[in-house]
Amino acid sequence: MLNLQAKVEMQVQPVQESKEQLLTLSFALTGEPSQKQVHIVAGNQKSTWVVKAQGDEKGRYTIGPLSMGRDVLLPQGRWDLSILSEDGQTVKESFVVSYQTPRDLVAYDKATKTIALDDVSAMLTLYGDTDTPLSVQQLEPEATYVLDETVKKAVVYLEQQETTYIISN
């Protein structure tokens, strides 16, 4: 197994007052790309996932996003990943999941439809009735932005914190 990468992101939905952490894994395997069965054990040794992963033309596999569910943080620590190949061999690898405890960096006022940033910059993407963006813009720290009637969903991405706030009207 080559270049195992674990990425933890936080999705926050201020309107629903919920958060969800997402874990995405990617790695490369030598040999012909195929479908693999992957077993993942969380750092708490209690949570497990069994998933299928299909390799792309370069032998790269992506798993996830995996989640513990709304308002439950992923266990930090050493996680284990096992891959069962067609020939019955098992490839095992471990990786570390760590993150800073999330804090609210984006506020949303439903009454005024106003997004307010803390001391961070963010990328704001606005959507109408479709999944096609209406606009994309950079917001500076401590900025405020009022959503108009045409906006059905706003996605605020904080790259430094790998956190996405999803606001649905």
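Listed values, structure above:
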| item | result |
| --- | --- |
| Failed item in (1) among the hydrophobic types (A, V, I, L, M, F, W, C); (2) farther than 12 Å from Ile83 by Cα; (3) out of contact with any Phe, Trp or Tyr (no Cβ under 6 Å at 6 or more places or on another chain), with Leu66 passing the rest | (3) |
| Hits in the range 140-163 (condition: surrounded by 13 or more Cβ atoms within 10 Å (Cβ to Cβ) and farther than 14 Å from Val15 by Cβ) | Ala143, Tyr145, Tyr157, Leu158, Gln161, Glu162, Thr163 |
| Any hit, the range 104-115, residues being in contact with an Asp or Glu (Cβ under 6 Å, 6 or more places away or on another chain) and touching a residue at least 24 places away in the same chain (Cβ under 8 Å) | yes |
| The range 36-80 - residue that is at positive phi and assigned to a strand (DSSP E or B) and, of those, least open to solvent (accessible area, probe 1.4 Å) | Gly77 |
| Among (1) at pLDDT below 90; (2) open to solvent by 30 Å² or more (accessible area, probe 1.4 Å); (3) not in a loop (DSSP other than H, G, I, E, B) - the single one Thr24 does not satisfy | (1) |
| Subset tally (residues that are outside any loop (DSSP other than H, G, I, E, B), aliphatic (A, V, I, L, M) and either open to solvent by less than 70 Å² (accessible area, probe 1.4 Å) or modelled with pLDDT under 90 (or both)) for the range 95-122 | 7 |
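The values are calculated or read from the model by the stated rules, or taken from the named source; none is laboratory data. Nothing here was measured: the structure is a model prediction, and the numbers come from that model. Ideal geometry is used to build each Cβ from the backbone, glycine not excepted, and the neighbour counts take in all protein chains shown. Accessible surface is based on the protein model in full, side chains and every heavy atom, while ligands, DNA and RNA are left aside. Shrake-Rupley method; radii C 1.70, N 1.55, O 1.52, S 1.80 Å.
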